Amino acid sequence: MSLTGTYDDQNIFAKIIAGEAPAIKIFEDDVAVAFMDIFPQSPGHCLVVPKEPARNLLDLSDDMAAAAIQRVKTLAKAVETALQPDGIMVTQFNGAPAGQSVFHIHFHIIPRWEGDSLGRHGGEKADMDELEAQARKIASFID
Ligand code: 5GP
């Protein structure tokens, strides 16, 4: 899959936005939905997914890009308060060669702890009960 292309409205994040596929959600508004990554690279790894149907950041409208990064910041601050990591990675991949595997624009929020190594991208599936607990805790710090 190349950097440019046609938006596939059957991708998994489009289905989550449409309510046609399950997700452990943290928050949702008219701009974006945030939910836990089910193959987390660290405990608390979550995603902010703008609702606009865009394959990547290059396709996203300027207005939605601005609105989305505000949600990313809100979620990152809630993750900081809830999980008290030593650092937080915010990543966003455009195109398969850059690491993108789901072709609907999204931002990763990945808490990091001193001495912990980063898990494999798209590696082990998480325990859903643990993800639920993390999501509830993070959500409790969002106004
Ligand atoms: P990308 O590689 O496109 O930047 O990231 C896609 C992310 O979506 C990966 O971190 C992967 O673990 C996550 N992911 C893939 N399928 C699903 C799914 O069905 N539900 C959730 N919550 N995350 C998913």
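A compact table of results
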| item | result |
| --- | --- |
| Cα centre as origin, Lys/Arg/Asp/Glu Cβ charges: region 12-139 dipole, Debye | 80 debye |
| Accessible surface, per residue, of region 12-139 when the full set of protein chains is kept, probe 1.4 Å, Å² | 49 Å² |
| Listed pairs 25/73; 15/51; 51/125; 15/137; 73/125; 51/137 exceeding 19 Å between Cα atoms | 51/125; 15/137; 73/125; 51/137 |
| Rounded FRET efficiency, nearest 0.05, which uses the C-beta distance separating residue 90 from residue 4 and R0 of 35 Å | 0.90 |
| Rg to Rh, two decimals, where region 12-139 supplies the alpha carbon set and Rh follows Kirkwood | 0.93 |
| Surface share of carbon and sulfur [accessible, 1.4 angstrom probe, percent] for region 1-86 | 53 percent |
| Dipole of region 15-130, positive direction: furthest Cα of 79, 48, 96, with charges on the beta-carbon | 96 |
| Helix-only CD estimate at 222 nm, as mean residue ellipticity for the chain, using -39500 (n - 2.57) per DSSP H run (n ≥ 4) | -9000 deg cm²/dmol |
| Relative contact order of region 12-139, pairs being alpha-carbon contacts under 8 Å that are 6 or more residues apart, as % | 34 percent |
| List 101, 61, 42, ordered by accessible area with a 1.4 Å probe, largest first | 101, 61, 42 |
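The values are calculated or read from the model by the stated rules, or taken from the named source; none is laboratory data. The structure presented is a predicted model; accordingly, all values stated were derived computationally and were not measured. Backbone-built Cβ (ideal geometry, glycine too); neighbour counts: all protein chains shown. Keep in mind that these areas ignore ligands, DNA and RNA; they rest on the heavy atoms of the full protein, side chains included. Shrake-Rupley method; radii C 1.70, N 1.55, O 1.52, S 1.80 Å.
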